[in-house]
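Peer 1: The structure follows.
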Amino acid sequence: MAFAEPQFELSEEDVDERTHIIAIAGEIHVSTAPRFSVLLDDASGRGKTAVVLDLSDVDFIDSTGLSVLLNGLRRVTRQRGRMALVCTNPTVLRLFEITRLDATFDIQASRKDALTAVQAA
């Protein structure tokens, strides 16, 4: 039995010399997380210390996806930067609440609010 290819799209945007946005759509899980991790590592490697991850169009995140998010946050904070997530999907928000990661991540309702949060540092 063959499984359908998961929906997964990434886009990124440099806002300025230190601010970077990565927008993710679809599912972040064991088969898609590595691509996401590479983009996040690359942004951090280029000195991006104000990072917004727009999860507005994410439908599902598994433990591998959460690990990528946590590792990204660790890298950004080690560079004395800030990272914010944009998340409006109730199912994904519930995952952050259940895992208590809503206290770890700066979760915002809009990209504008997330940009304000990361650029305030």
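Peer 1: How large is ³J(HN,Hα), in whole Hz, for each residue of the range 100-113 in order, when computed from phi with the Karplus curve 6.51 cos²θ - 1.76 cosθ + 1.60 and θ = phi - 60°, using x for Gly and Pro?
Peer 2: 6, 7, 5, 8, 8, 9, 8, 9, 10, 8, 9, 5, 4, 5
Peer 1: Okay, helix-only estimate at 222 nm for the chain: each DSSP H run of n ≥ 4 adds -39500 (n - 2.57), divide by all residues, round to 500 deg cm²/dmol; what do you get?
Peer 2: Calculated at 222 nm, the ellipticity per residue is -12000 deg cm²/dmol.
Peer 1: Expressed in nm², what is the orientationally averaged projection area of the convex hull enclosing the Cα positions of the chain?
Peer 2: It is 7.2 nm².
Peer 1: Give me P(r) over the range 33-79, computed from all C-alpha to C-alpha distances, binned every 10 Å, as integer percentages.
Peer 2: 26, 58, 16
Peer 1: Go through VAL30, ALA109, LEU73 and say which Cα lies farthest out towards the positive end of the charge dipole of the range 15-119; charges sit on Cβ, +1 for Lys and Arg, -1 for Asp and Glu.
Peer 2: Result: LEU73, furthest along the dipole toward the positive end.
Peer 1: Here is a further query. So the label point goes 7 Å from the Cα of THR104 along Cα→C-beta, right? Which residues of the range 30-61 then have their backbone N under 15 Å from it?
Peer 2: 61
Peer 1: Going through the range 33-121, which trypsin sites (Lys or Arg not before Pro) have at most 12 other Cβ atoms within 10 Å and a DSSP loop state?
Peer 2: The qualifying sites are ARG46, ARG80, ARG100.
Peer 1: Using the heavy atoms of the protein chains alone and a 1.4 angstrom probe, what is the accessible area of the chain per residue in square angstrom?
Peer 2: On a per-residue basis, the chain sits at 54 Å².
Peer 1: I need the calculated FRET efficiency for the pair ASP42 and ASP113, taking r as the beta carbon distance and R₀ as 30 Å, to the nearest 0.05.
Peer 2: Taking R0 as 30 Å, the efficiency between ASP42 and ASP113 is 0.75.
Peer 1: Residue by residue, what Karplus-based ³J(HN,Hα) values in Hz, rounded to whole numbers, does the range 31-46 have, using 6.51, -1.76 and 1.60 with θ = phi - 60° and x for Gly and Pro?
Peer 2: With coefficients 6.51, -1.76 and 1.60, one gets 8, 10, 4, x, 5, 5, 4, 4, 5, 5, 4, 4, 4, 5, x, 8 Hz.
Peer 1: Given a 1.4 Å probe and the protein chains all in place, what does the accessible area of THR77 round to, in Å² to the nearest 10?
Peer 2: 70 Å²
Peer 1: Are there chymotrypsin sites (Phe, Trp or Tyr not before Pro) in the range 1-73 that DSSP marks as loop and that have at most 13 other Cβ atoms within 10 Å, and which are they?
Peer 2: Listed in order of number, the matching sites are PHE3.
Peer 1: If each of GLU97 and ARG74 carries a label point 7 Å out from its Cα toward its Cβ, how far apart are those two points in nm?
Peer 2: 2.8 nm
Peer 1: Where the accessible area of the chain is counted over protein heavy atoms with a 1.4 Å probe, how much of it, in %, is carbon and sulfur?
Peer 2: 50 percent
Peer 1: List every residue whose amide H lies under 5 Å from the amide H of MET83, counting only residues 5 or more places away in sequence or on a different chain, with H placed 1.01 Å from N in the peptide plane.
Peer 2: Residues meeting the criterion, in which the H sits 1.01 Å from N, are VAL51.
Peer 1: Could you work out how far helix 63-78 tilts from the main Cα principal axis of the chain, as a 0 to 90 degree angle to the nearest 10?
Peer 2: 10 degrees
Peer 1: Moving to a separate point now. Might you work out the accessible area of ASP102 for me, using a 1.4 Å probe with all protein chains in place, and round it to the nearest 10 Å²?
Peer 2: For ASP102, the solvent-accessible surface is approximately 70 Å².
The values are calculated or read from the model by the stated rules, or taken from the named source; none is laboratory data. Bear in mind the structure is a predicted one, so any value in this text is a computation, not a measurement. A quick note on method: Cβ atoms are made from the backbone with ideal geometry, for glycine too, and the neighbour counts reach across all protein chains shown. Areas reflect the complete protein model, heavy atoms only, side chains present, ligands, DNA and RNA absent. Shrake-Rupley method; radii C 1.70, N 1.55, O 1.52, S 1.80 Å.
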